[in-house]
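Below is one structure, written out as structure tokens; comments come after it.
The values are calculated or read from the model by the stated rules, or taken from the named source; none is laboratory data. Since the structure is predicted, the reported quantities are computational estimates derived from the model, not experimental observations. Neighbour counts are summed over all protein chains in view; Cβ atoms, including those assigned to glycine, are modelled from backbone coordinates with ideal geometry.
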Amino acid sequence: MKVSVVKNIKEFKLLEKGWNQLHSHAEYSIFQSFDFCYNSVLKSDNIFVIICSDRGLLCDIWPCVLKDNKLEFINQIHADFCDVLTIDYNKEILDFILESDEVKSISFKNIQSDSNIHSLLLNVKNYHLSTEINYSILKLCKTDNFPSNFTHFVYRQRRRLKRILKKYDGEINILHQSEDKFPKDEIVLLRNEMIALGKRDESFLQENLMNLIESLYLSQLLKVSILKVQSETVAISLFFQEESQFSFWIDLFDDKQMINLYHNTLFIKEMTLLNESTFNFGRGDYSYKVQNFSPDIFPLYNVHIFKNKFRLFNFILNYKLITFVKYFYRKFKK
């Protein structure tokens with residue numbers, strides 16, 4: 001077994017075939033795919049992908065970057081779910097990291113409890129585990145009588161979904177690369193509108209993320225749902241699809257009342273008209289999702305690891321202080 005680090009984009013590109021083979025061995029998310037990771041670091045000088053190979057065969061990939069000696073997952077700020085790719089659980093790469101002079105700490109975010117990395121990281125010293133955000137999943141059977149498939153709802157809740165669908169006379173168009181041009185102009189238009197309305201800040205969908213989105217679309221990994229009302233584009237949802245499993249990633253919408261909720265509801269209706277379907281709403285158990293769809297909610301974990309107890313102690317103090325300030329800020333806003 002050989003452990004090594006890939007630090008430049010040319011060497012990264014050489015991993016593509018082996019990466020894709022490893023990715024296909026298990027149910028990894030799109031955020032562990034070669035295309036997502038590679039296109040996320042095209043212009044980065046922080047590449048730090050750690051691999052383990054056996055007789056030329058890739059058996060472990062830790063898709064990482066190294067920022068100021070802190071090891072992170074690639075683009076974890078935009079990846080709903082983070083993990084390592086592996087054929088079998090082993091500690092060789094983790095031991096390599098802990099012994100490395102280049103890596104002073106680890107900051108891994110958006111980890112699911114059943115991921116490869118979760119249990120492995122909890123067997124080291126000087127770690128801090130927290131859960132600050134959740135994700136949610138909704139499973140529905142096929143029906144031509146929506147929302148009768150919301151069997152976990154009482155009558156008044158299903159009636160509310162019917163009222164939402166009556167609010168607008170909209171039409172959804174699903175775009176995918178094999179047939180449709182990437183709708184960049186429409187995405188940019190809604191992005192700018194959301195920023196102008198104060199729904200998002202100036203950092204929303206900056207150029208690097210827009211380039212990544214377009215690359216994923218052109219690779220046929222990403223699809224786009226466009227909602228039109230009276231021939232006007234009023235909402236867009238960027239999502240991933242694997243058979244009848246749909247994972248929402250980024251939503252854009254104008255200032256029409258409840259338009260994003262209407263779009264999501266109409267999308268779910270259209271998809272369950274065809275098949276039994278699973279909808280992954282991604283990070284954030286937002287109130288409108290919980291109240292209107294009542295999906296199953298699961299925690300996402302952040303794990304921080306340090307080389308010594310002193311650094312861990314400082315981190316915990318800062319973490320508690322920030323948590324305390326956020327709590328009172330939310331109370332004050334109410």
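Return the pair list, or none, for Cβ contacts closer than 6 Å from residues in the stretch 268-296 that are among the polar types (S, T, N, Q) to residues that are assigned to a strand (DSSP E or B) and modelled with pLDDT of 95 or more, at least 6 apart or on different chains.
Sorted first by the residue in the stretch 268-296, then by its partner, the pairs are T272/L140; S277/L140; T278/K139; T278/Q245; N280/I137; N280/S247.
Among I164, I172, which is over 30 Å from E92 (Cα atoms), modelled with pLDDT of 95 or more, out of contact with any Pro (no Cβ under 9 Å at 6 or more places or on another chain) and assigned to a helix (DSSP H, G or I)?
On the way: I172 fails: assigned to a helix (DSSP H, G or I).
Result: I164 is the single residue among I164, I172 that is over 30 Å from E92 (Cα atoms), modelled with pLDDT of 95 or more, out of contact with any Pro (no Cβ under 9 Å at 6 or more places or on another chain) and assigned to a helix (DSSP H, G or I).
Counting just the residues of the stretch 128-153 that are hydrophobic (A, V, I, L, M, F, W, C) and assigned to a loop (DSSP other than H, G, I, E, B), which one comes out surrounded by the fewest Cβ atoms within 10 Å (Cβ to Cβ)?
Within the stretch 128-153, the subset hydrophobic (A, V, I, L, M, F, W, C) is 129, 133, 137-138, 140-141, 146, 150, 153.
When the remaining residues are screened for being assigned to a loop (DSSP other than H, G, I, E, B), the result is 141, 146, 150, 153.
Numbers: C141: 12, F146: 19, F150: 20, F153: 17.
Selected residue: C141.
Would you please name the residue that is farthest from W62 (Cα to Cα), looking only at residues in the stretch 101-117 that are touching a Leu at 6+ places or on another chain (Cβ under 7 Å) and part of a loop (DSSP other than H, G, I, E, B)?
Among those that are touching a Leu at 6+ places or on another chain (Cβ under 7 Å) and part of a loop (DSSP other than H, G, I, E, B), it is E102.
Can you find, within the stretch 262-279, the residue that is nearest to S29 (Cα to Cα) among those that are of a type in the set (S, T, N, Q) and surrounded by fewer than 21 Cβ atoms within 10 Å (Cβ to Cβ)? Before you say what the answer is, go through the steps one by one.
Taking the stretch 262-279 as the starting set, the residues that turn out to be of a type in the set (S, T, N, Q) are 264-265, 272, 275, 277-278.
Cutting the leftovers down to surrounded by fewer than 21 Cβ atoms within 10 Å (Cβ to Cβ) gives us 275, 278.
Working: N275: 21, T278: 14 Å.
Across the stretch 262-279, the extreme among qualifying residues is T278.
Of these, L312, L221, L227, which one is in contact with a strand residue (DSSP E or B) (Cβ under 8 Å, 6 or more places away or on another chain), part of a strand (DSSP E or B) and of a type outside the set (D, E, K, R)? Walk me through how you get there before you give the answer.
Working: L312 fails: part of a strand (DSSP E or B); L221 fails: part of a strand (DSSP E or B).
It is L227.
Considering every residue within the stretch 61-74, establish whether at least one is more than 21 Å from the chain's Cα centre (by Cα) and aliphatic (A, V, I, L, M).
No, the stretch 61-74 contains no residue that is more than 21 Å from the chain's Cα centre (by Cα) and aliphatic (A, V, I, L, M).
Filtering the stretch 107-127 down to residues that are among the charged types (D, E, K, R) and surrounded by fewer than 12 Cβ atoms within 10 Å (Cβ to Cβ), which residue is farthest from K309 (Cα to Cα)?
In the first step, residues of the stretch 107-127 are kept if they are among the charged types (D, E, K, R); the result is 109, 114, 125.
Still in the running and surrounded by fewer than 12 Cβ atoms within 10 Å (Cβ to Cβ): 114, 125.
Numbers: D114: 27, K125: 9 Å.
By that ranking, first place goes to D114.
Of the residues L120, L98, only one is under 24 Å from the mean Cα position of the chain (by Cα), assigned to a helix (DSSP H, G or I) and at pLDDT below 95; which? Outline the logic, then answer.
Working: L98 fails: under 24 Å from the mean Cα position of the chain (by Cα).
After applying the criteria, what remains is L120.
List the number of the failed condition for F182; all other conditions in (1) in contact (Cβ under 8 Å) with a residue 12 or more places away in the chain; (2) among the aromatic types (F, W, Y); (3) under 27 Å from I137 (Cα atoms) hold.
In the conditions (1) in contact (Cβ under 8 Å) with a residue 12 or more places away in the chain; (2) among the aromatic types (F, W, Y); (3) under 27 Å from I137 (Cα atoms), F182 misses (3) alone.
Can you find a residue that is part of a helix (DSSP H, G or I) and either surrounded by 21 or more Cβ atoms within 10 Å (Cβ to Cβ) or in contact with a helix residue (DSSP H, G or I) (Cβ under 9 Å, 6 or more places away or on another chain) (or both) anywhere in the stretch 292-300? Talk me through it step by step, then tell me what you get.
Kept after step one, since they are part of a helix (DSSP H, G or I), are these residues of the stretch 292-300: 292-293.
From what's left, either surrounded by 21 or more Cβ atoms within 10 Å (Cβ to Cβ) or in contact with a helix residue (DSSP H, G or I) (Cβ under 9 Å, 6 or more places away or on another chain) (or both): 292-293.
Yes; the residues of the stretch 292-300 include at least one that is part of a helix (DSSP H, G or I) and either surrounded by 21 or more Cβ atoms within 10 Å (Cβ to Cβ) or in contact with a helix residue (DSSP H, G or I) (Cβ under 9 Å, 6 or more places away or on another chain) (or both).
Any residue at all in the stretch 75-83 that is in contact with a Gly (Cβ under 9 Å, 6 or more places away or on another chain), under 25 Å from S44 (Cα atoms) and of a type outside the set (D, E)? Lay out the reasoning, then the answer.
Applying the first criterion (in contact with a Gly (Cβ under 9 Å, 6 or more places away or on another chain)) to the stretch 75-83 yields 80-81.
Restricting the remaining residues to those that are under 25 Å from S44 (Cα atoms) gives 80-81.
Among the residues that remain, those that are also of a type outside the set (D, E) are: 81.
Yes, the stretch 75-83 contains a residue that is in contact with a Gly (Cβ under 9 Å, 6 or more places away or on another chain), under 25 Å from S44 (Cα atoms) and of a type outside the set (D, E).
Quick check: is even one residue across the stretch 250-260 closer than 17 Å to H78 by Cα and either over 20 Å from the mean Cα position of the chain (by Cα) or of a type in the set (D, E, K, R) (or both)?
Residues of the stretch 250-260 that are closer than 17 Å to H78 by Cα, as a first pass: 250-252.
Next, from what is left, pick out any that are either over 20 Å from the mean Cα position of the chain (by Cα) or of a type in the set (D, E, K, R) (or both): 251.
Within the stretch 250-260 (the criterion being closer than 17 Å to H78 by Cα and either over 20 Å from the mean Cα position of the chain (by Cα) or of a type in the set (D, E, K, R) (or both)), the answer is yes, since at least one residue qualifies.
Do we find that D80 is surrounded by 22 or more Cβ atoms within 10 Å (Cβ to Cβ), among the charged types (D, E, K, R) and in the same structural domain as I111 (by TED's automatic domain parsing) in this structure?
Values: surrounded by 22 or more Cβ atoms within 10 Å (Cβ to Cβ): yes; among the charged types (D, E, K, R): yes; in the same structural domain as I111 (by TED's automatic domain parsing): yes.
For D80, the condition - surrounded by 22 or more Cβ atoms within 10 Å (Cβ to Cβ), among the charged types (D, E, K, R) and in the same structural domain as I111 (by TED's automatic domain parsing) - is met.
Listed residues F239, F182, F246; which is of a type in the set (F, W, Y) and either more than 22 Å from the chain's Cα centre (by Cα) or over 19 Å from F281 (Cα atoms) (or both)? Even if it seems obvious, please write down each step before you answer.
On the way: F239 fails: either more than 22 Å from the chain's Cα centre (by Cα) or over 19 Å from F281 (Cα atoms) (or both); F246 fails: either more than 22 Å from the chain's Cα centre (by Cα) or over 19 Å from F281 (Cα atoms) (or both).
It is F182.
One residue is enough: does the stretch 264-271 have a residue meeting the conditions closer than 25 Å to C82 by Cα and in the same structural domain as F36 (by TED's automatic domain parsing)? Working first, answer last.
Step one: filter the stretch 264-271 for residues closer than 25 Å to C82 by Cα, giving 264.
Pick out the ones that are also in the same structural domain as F36 (by TED's automatic domain parsing) and you get none.
No, every residue in the stretch 264-271 fails to be closer than 25 Å to C82 by Cα and in the same structural domain as F36 (by TED's automatic domain parsing).
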